[in-house]
1. Starting from residues that are of a type in the set (D, E, K, R) and over 26 Å from N299 (Cα atoms), keep the ones in segment 53-97 and report whichever is least open to solvent (accessible area, probe 1.4 Å).
2. Quick one: is P67 over 24 Å from the mean Cα position of the chain (by Cα) and more than 30 Å from E324 (Cβ to Cβ)?
3. Name the pairs: first residue in segment 120-144 and assigned to a loop (DSSP other than H, G, I, E, B), second residue of a type in the set (V, I, T), Cβ to Cβ under 8 Å, at least 6 apart or on different chains?
4. Residues in segment 83-110 that are outside any helix (DSSP H, G or I) and among the polar types (S, T, N, Q): how many?
5. Restricting attention to segment 191-207, does a residue exist that is open to solvent by less than 20 Å² (accessible area, probe 1.4 Å), of a type in the set (D, E) and in contact (Cβ under 8 Å) with a residue 24 or more places away in the chain?
6. Take the residues of segment 296-313 that are over 27 Å from K217 (Cα atoms) and buried (at least 23 other Cβ atoms within 10 Å of the Cβ): which is farthest from the chain's Cα centre (by Cα)?
7. Can you confirm whether P162 is surrounded by 15 or more Cβ atoms within 10 Å (Cβ to Cβ), over 22 Å from K259 (Cα atoms) and either under 15 Å from the mean Cα position of the chain (by Cα) or at pLDDT 95 or above (or both)?
8. Open to solvent by less than 10 Å² (accessible area, probe 1.4 Å) and either touching a residue at least 40 places away in the same chain (Cβ under 8 Å) or not in a loop (DSSP other than H, G, I, E, B) (or both): does that describe V249?
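The values are calculated or read from the model by the stated rules, or taken from the named source; none is laboratory data. The structure presented is a predicted model; accordingly, all values stated were derived computationally and were not measured. Note that we place each Cβ from the backbone using ideal geometry, even for glycine, and neighbour counts take in every protein chain shown. What goes into the accessible areas is simple: the full protein's heavy atoms, side chains included, and nothing from ligands, DNA or RNA. Shrake-Rupley method; radii C 1.70, N 1.55, O 1.52, S 1.80 Å.
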Amino acid sequence: MRKEPPFKHGTPQKTAVVLINLGTPDNPDTPSLRRYLGQFLSDPRVVEIPRLIWWLILNLIILRIRPKKSAAKYRTIWTEEGSPLLAIGKRQVAALEAGFKARRWGVRVELAMRYGNPSVASVMDKLRQEAYDRVLILPLYPQYAAATTASSFDAVFDWAKPVRNVPELRLIKHYHDHPAYIHALAEHVRRQWRTIGTPDFARGDILLMSFHGVPEKTLLDGDPYHCECHKTARLVAEELGLEKAHYRVTFQSRFGKAKWLGPYTDKTLQSLGQLGTKRIDVMCPGFMADCLETLEEINDEGRETFQHAGGGEFNYLPCLNDSELSGAMLTEIAGQHLQGWPVDLGYEESAAAELSASRARALEMGAKEIS
């Protein structure tokens, strides 16, 4: 068991929210990518292959080849703030804090990465040291998948194993069909169409919704991810007033030789280009922040695939990122899951007398405090 942090009787109850995203390398160079990919691809939730076989493949082949190629791709999207995923994540924290402040809630918000930094363990340690005894875990994955959401929960539970006084935890499993999330996506699209013009669906223009792929085996084994992606797409299309012929649902980022969820985004873009599609707009509803998979794989590689095959106009519609819509949506979803916990800004002052009396009673009974 780890040593407990300092404790005083009568300490006010404090509430925090931890946003968890997939992760990012510290720098766009080969050593950083080797560390990041090593951690990411070693997770049995991510790669469901017998451990010994996969260890040999990963360490003798993949980690000798892929880091250099991935580093080159990361350099194409790296910014002065560093990784887009991390920079946007920090702004999402600020947006959620602003949303809580507007409600007069005193809730701490932190960002953690499942792989890379800041790690889930380091963030949970920080909150524990500062006596936060109620923590809401909000993964930035709207659709549940064992490889993402469940893996994030694993990281929290692994941190908790050696902790004696574990804080009260709440976990948000998914929000793929939450009205606030669907509204934010649809309104985000409408606002972008007001700027670039609405597609001409009568001539065959397409809105393509690309989700991150997972092996088809996960669906057959009972993972609900595939169904949740399709439900998100259907609800967004309904709010936008689209007919079935106006949009497509595809899956990107497949890896290895196994069959993954289809149809594949790259193959679909190629096919639509070959058909002479005049315009395609692509959005990635499963990503809460732009990252390598959206900026490089879709906006760069996807654009080239579509237009090289004969397609016309290609528009990438950015993720919600740290927009006002994103902040409002996260505030609404988190707010529903925080019900019943002490969140009001005035809680500590209003409870001061009761806490002081509680502390006095505990000390009179011979209670000890950790220092």
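1. Among those that are of a type in the set (D, E, K, R) and over 26 Å from N299 (Cα atoms), it is E97.
2. Values: over 24 Å from the mean Cα position of the chain (by Cα): no; more than 30 Å from E324 (Cβ to Cβ): yes.
So P67 fails the test.
3. What qualifies is A131/T11; Y132/T15; L140/I20; Y141/T148; Y141/T149; P142/T232; Q143/T232.
4. Step one: of segment 83-110, the residues outside any helix (DSSP H, G or I) are 83, 103-110.
Keeping just the survivors that are among the polar types (S, T, N, Q) gives 83.
Residues flagged as outside any helix (DSSP H, G or I) and among the polar types (S, T, N, Q) within segment 83-110 amount to 1.
5. yes
6. Filtering first and then ranking leaves G311.
7. no
8. Spelling it out, it is not the case that V249 is open to solvent by less than 10 Å² (accessible area, probe 1.4 Å) and either touching a residue at least 40 places away in the same chain (Cβ under 8 Å) or not in a loop (DSSP other than H, G, I, E, B) (or both).
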